Amino acid sequence: MTAAHPQLEPLAQGFRERYLRFDELTAQLKAWADAFPDVVHLESIGQSREGRELWLLTLGPEPTRTRPAVWVDANIHAGELAGSSVALAIAEEVIALHLDAPDPARIPGPVHRAAREVLFHVLPRMSPDGAEAVLDTGRYVRSVPRDERFERAHPRWVGEDVDGDGLALLMRQPDSTGEFVEHPEVPGLMLPRTIEDEGPFYKLYPEGRIEHFDGHHVPDPDFLSDNAPDLNRNFPWSWVGEPRQKGAGSHPGSEPESRAVIARAARTPNLFAWLSLHTFGGVMIRPPGDRPDDEMNPRDLALYRQVEEWAARFCDYPMVSGFEEFLYEPGHPVHGSLTEWAYDERGCLAWVTELWDLFQQLELERPERFIDYYFRLTREDLVRLAEWDAKENAGRIFRPWKRHRHPQIGEVEVGGIDPRVGLTNPPYEALPELCDRHARFFVRVAAMCPHVVVSRVAQTPLREELTLLEATVENQGYLPTHGVHASADRPWNEPLWADLICEDGTSLEEPGQAHRLVGHLDGWGRGRFDFGHAIFFQRSKGSVSRRTLRWMVHGRGTVKLEVGSCRTGWIERRIGVGGGE
């Protein structure tokens, strides 16, 4: 599939065909900003430690005008490159919304009109240093390729290309105590050892060197290795430090990438939805991550059920509870998560999408907890993966083992799994459809944002040059003006206010009533399977989405009505009173 609009096709830099380097990604963003300056605003919200810009696209006319907005970020983890492609596809879809009327079969008219009123903020690569390191050699980097810990004297593995072939993958070494064995019929495929295996047995290490090696004792490879911070453990939601939370960083926002996102989002109270694009799995993971669903606000749960229905329809992905189906250790929540912060602290309908449904491609039976897919692959499943890689992925995952003399540990073989294309990210051939599905899906989510209007203005003459002015304010959008209920009481979650400003020839009977509280207004959306939808009691709520305000105005002339808040932005209407213009 090509770009979302013919005017966009000549500008495409290939993000649907391959995983872009930083310079290519930058060129794509600048091409859009240069071609559509009325719709696309490009800025850097910070720099990585290696000096790469953290590019943020703001999409929509008048980007500085506050109004309901949504956020998309991607590539918070270094190797999860497909997220950048999908983030760019979402940006391209939004640009197309503003060019002309789209195909109603693709984006229905009501969705198109609602989404055009929303600002989109798209951060396509949160870890540019990490992505470059992975694209360079394929070496494992969890998030950022740096280690700034003070405690550096202990022996540890440092990933790097030891044999000069341009890759940094794995090393295997024969060892009688090894935990792995080669499949007898699939050369090169390494399997966990069982008591029935004859051998030879192997140790598997990261390709690289051992810092502070004593010549005898090989250290355990670490999940974060020489890149200690995990950006998705560095946000100020339920943050705890090492060792309780691996990858936490020295303090919340200690890393320049997460700090830039925190600072920008904290200055953007008008965010209502937040999508964080990861890989892999083919699943969407929603809050809460620290408690079961029966302790969640039921109205928020109903909202997520609506997103879940679209996820299944457009992406063929399930949506699961982060607590019930995606904890590495049951009962031990992950701390410092970005989407949990976005939901609990910033009032957003937030979730993670793990792109690339590899388990569906292999037709594996879904386990009770989705996360067990990653850890409970049988030998048969691994063989299926190797066969799929050979037939459907041009053999990009499993690389041949080659002999090499390691300067520290002696004879090894270098090769093994290259996770970049086919495992952590989809094959290039699958990218176009992946981009298209998820872009169309997220536009619908953005269309849920609140939409505040002054729906009615009425005037009743009372006596000479005294008029009763009535204005009805409505939220005609899906979501409430406070967003999700989890953060409705946050101080920045400002309710709507109305200001009536008298101009030439007019004044208020009660000047103290010029500034009036409207309050938060509910949206019309109830989510999915809300009690109000029950067949035995289909009922609407009362006037929860509407408020009528009244002022007594003296004279003839014009008044200006302003309604809004920092959460929704402000709308303005000029009204002629008493025959005034």
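Its relative contact order, with pairs defined as Cα atoms under 8 Å and 6+ residues apart, puts the range 141-269 at 28 percent. Take the Kirkwood radius over Cα pairs of the chain, plug it into Stokes-Einstein at 37 °C and 0.692 mPa s, and you get 125 µm²/s for translational diffusion. Listed values for the range 487-501 are Karplus-derived 3J(HN,Hα) couplings in whole Hz (6.51 cos²θ - 1.76 cosθ + 1.60, θ = phi - 60°), namely 10, 4, 9, 5, x, 6, 7, 6, x, 6, 10, 10, 10, 9, 10, and x replaces Gly and Pro. Its residue count N sets the reference 2.2 N^0.38 Å, and the alpha-carbon radius of gyration of the range 260-407 equals 1.26 times that reference. For the range 450-535, the carbon plus sulfur part of the accessible surface works out to 53%, probe radius 1.4 Å.
Defining a contact as two alpha carbons under 8 Å apart and six or more residues distant in sequence, what relative contact order in percent does the chain show? Please list the in-between numbers first.
Working: 1292 pairs, mean separation 85.9, N = 581.
After rounding, I find 15 percent.
Output the relative contact order of the range 285-415, whole-number percent, from Cα pairs under 8 angstrom with separation of 6+ residues.
Values: 118 pairs, mean separation 26.9, N = 131.
For the range 285-415, the relative contact order is 21 percent.
Computed extension length for ASP316-GLU17: 105.5 nm, one decimal, from 0.36 nm per residue of separation with the Cα-Cα distance subtracted.
Would you mind getting me the FRET efficiency between LEU462 and SER254? Use the beta-carbon distance for r and R0 = 45 Å, nearest 0.05. The partial results should precede the final answer.
Details: r = 63 Å, r/R0 = 1.40.
Working from the Cβ atoms, E equals 0.10.
For the peptides 340-347, 240-247, the ranking by packing is 340-347, 240-247, with the highest mean count of neighbouring Cβ atoms within 10 Å listed first.
Dividing the helix sum by the residues of the chain, where each DSSP H run of 4 or more adds -39500 (n - 2.57), gives a mean residue ellipticity at 222 nm of -6000 deg cm²/dmol. Within the same chain, lysines fewer than 8 places from LYS246 are excluded, and of the rest, those with a Cα less than 27 Å from its Cα are LYS203.
Which percent of the accessible heavy-atom area of the range 1-110 goes to carbon and sulfur, probe 1.4 angstrom?
Details: 2110 of 4110 Å².
That fraction is 51 percent.
Measuring nothing but protein heavy atoms, the accessible surface of the range 175-334 at 1.4 Å probe radius is 52 percent carbon and sulfur. Remark: the chain carries 43 Å² of accessible area per residue (probe radius 1.4 Å; ligands, DNA and RNA excluded). The modelled label-to-label distance for the pair ARG113/ALA266, using points 7 Å beyond Cα in the direction of Cβ, is 4.0 nm.
Counting only lysines at least 8 places from LYS391 when in the same chain, those with an alpha carbon closer than 26 Å to its own are LYS402.
The values are calculated or read from the model by the stated rules, or taken from the named source; none is laboratory data. These numbers were taken from a predicted model, which means no experiment stands behind them. Reconstructed Cβ throughout: ideal geometry from the backbone, glycine too, with neighbour counts over all protein chains shown. What goes into the accessible areas is simple: the full protein's heavy atoms, side chains included, and nothing from ligands, DNA or RNA. Shrake-Rupley method; radii C 1.70, N 1.55, O 1.52, S 1.80 Å.
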